[in-house]
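Student: First the structure, which I've put down as structure tokens, then a few questions once you've had a look.
Every number here is computed from the coordinates shown, using simple stated rules; none is lab data. These figures come from a predicted structure and were not determined experimentally. Every residue, glycine among them, receives a Cβ derived from its backbone with ideal geometry; neighbour counts consider all protein chains shown.
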Amino acid sequence: MFDNARAYLRAALSRSRRFERREVHDFRRWIESSRNLIHLSVLLFVPLLVGLVTLISNVADLSFLLFPPLAAGAYLLFAHPEERYAAPWRFVSGLTAGAACGWIAVATLSQFYYAPSAAQEIHAGGAALAMFLTGAATWAFDIEEPAAFSTALLAVVERASGFAYVVSIAVSSMIVAGVFLVWHRQVYSHRARYLYQSTKGDDHVLVPMRGDHADATAMFGGRLAAAHDAGKVVLFDLVDPDEAGASATEPDSDGQTVATDGGVDADAPEPGSTKPHAGRLERCADAVEATVGVPCEVVVARRGSEPPAKTTLRTARESNCDLVVTPYEEGEGGLSSFVTSLFRTDMDVVVHRSIDGRTEWGRVLVSVRQASDVARSMLDFACRLAGSSGRIGVCHCISTAAERRDAESMLADLVETFSTRIETRVAHGPAEDFLAAASSHTDLVVLGASTDRSAVSRLLAPATFERLHDIECDVAIVDRRYRPLDHN
């Protein structure tokens, strides 16, 4: 009885941990979007800053009327951290200049002209003079700040006769700007390091040696792995039972590994017939190591009763690999069952379609549908392949001109987290037409597998890679999934 209770408890705890990991992963994916991170920052920091300044004002006996421009300015800082008005010095100097211009307008009118007769009456000339002085000051000193006109007008409304109003605006704006500066330098500017999973992992690569251009795909995987110091490549091949020889021991349902770690295992049963396969993989492994300088291992397994994709994934996990790079294969009406089976798992997969056996990709074009962790992964892979001397572009295709501004903003959010120079392009028209036209001066096009779309959506509009028939360069199809693996 107690054993059953403990078993149920362990199962419940295991499910809760899996659920917690899934929720944490989903939240990380959500916050990896720059727009979501900005909205969350606005939601947290603007109320806290206004509350802090209010607390200080209660002690210093300041008027609450100075807070609307501070709140508006704080929102502008956090909501648009990369725009021209988001500079802390511009924010502080603009608000302070507006307050000073408003105070000068009030002091001038009270000295040379009459004061309003009623307490509620606001001097029209004073308001006009405050706006004129503020516009002239912000223009002359290049400190254009929309909220500056608010602080100037509030001085007229409050009839601020003392310089304390200007000082209070300056101090309050410096508090807001100081918090923004710390957030921008320590969090926003380094969000790729803290949040984006595309800059981590995917450095242990398994390459199934299938098809006519398997050597090119092996080099492709090697260049991806070589970007990290801990990178390695495992070349994997399956041998049919009849190729293993009549005297060989029959494999079990899971298949049997007969060669690994760069050579044939001498203790494996009847390995002689697998030596031609291992020898071919060894020669390819030597070429990968010599070219990109990454350790390369060889694994040959006997084909069992399980599907090849399942054997491949099991080998990837046993080899501690977190990315499968496989050659492109077609079946009846589309991708082969091997590739589609890999797409249905929790392993990161890149499908490489080679045109002529190319082994260098210095010009890479990435086509993205939206800002996501998959898009960042594709850009990360492009940077690894092209290297520091390569040329990288990222594009998004729109159907109407009204979508251009949002598309440009989305692409800017993607590329600003990478230190590599990346060109952005927004094309008007079908993606397959643009990519086909650009392929003549491109070595590689990188696209997403679109596995997150529904079956109805894919039926109405097939994935972009399924519509690329006249492309003249290599293609890489990226499928990135949630991977709750212990070694990660």
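Student: Kindly put F180, F343 in sequence by how many other C-beta atoms sit within 10 Å of each C-beta, fewest to most. List each step's numbers first, then the result.
Tutor: On the way: F180 24, F343 17.
Ordered by Cβ neighbours within 10 Å, fewest first: F343, F180.
Student: Using 0.36 nm per residue, how much length does the chain from L52 to D229 gain when fully extended, once their Cα-Cα distance is taken away?
Tutor: Gain on stretching L52 to D229: 59.1 nm.
Student: Between A128 and D240, what length in nm is gained on full extension when 0.36 nm per residue of separation is reduced by their alpha carbon distance?
Tutor: Extending this stretch completely gives an extra 31.5 nm.
Student: Given a Förster distance of 45 Å, report the FRET efficiency between V167 and L40 from their Cβ-Cβ distance, rounded to the nearest 0.05.
Tutor: Computed FRET efficiency for V167 and L40 comes out at 0.85.
Student: Applying 1/(1 + (r/R0)^6) with R0 = 35 Å to the Cβ-Cβ distance of T424 and M174, what FRET efficiency is obtained, to the nearest 0.05?
Tutor: According to the calculation, E is roughly 0.50.
Student: Once the Cβ-Cβ distance between S389 and Q111 is put in as r, and R0 is 51 Å, what FRET efficiency do you end up with, to the nearest 0.05?
Tutor: The formula returns an efficiency of 0.15 here.
Student: At 0.36 nm per residue, and after removing the present C-alpha to C-alpha distance, how many nm does the segment from R314 to D433 gain when stretched out fully? Intermediate values should be presented prior to the final figure.
Tutor: Working: separation 119, 0.36 × 119 = 42.84 nm, distance 3.86 nm.
Difference between extended and current length: 39.0 nm.
Student: Take A72 and Q370, extend 7 Å from each Cα along the Cα→Cβ direction, and tell me the distance between the two endpoints in nm.
Tutor: So the label points at A72 and Q370 sit 3.3 nm apart.
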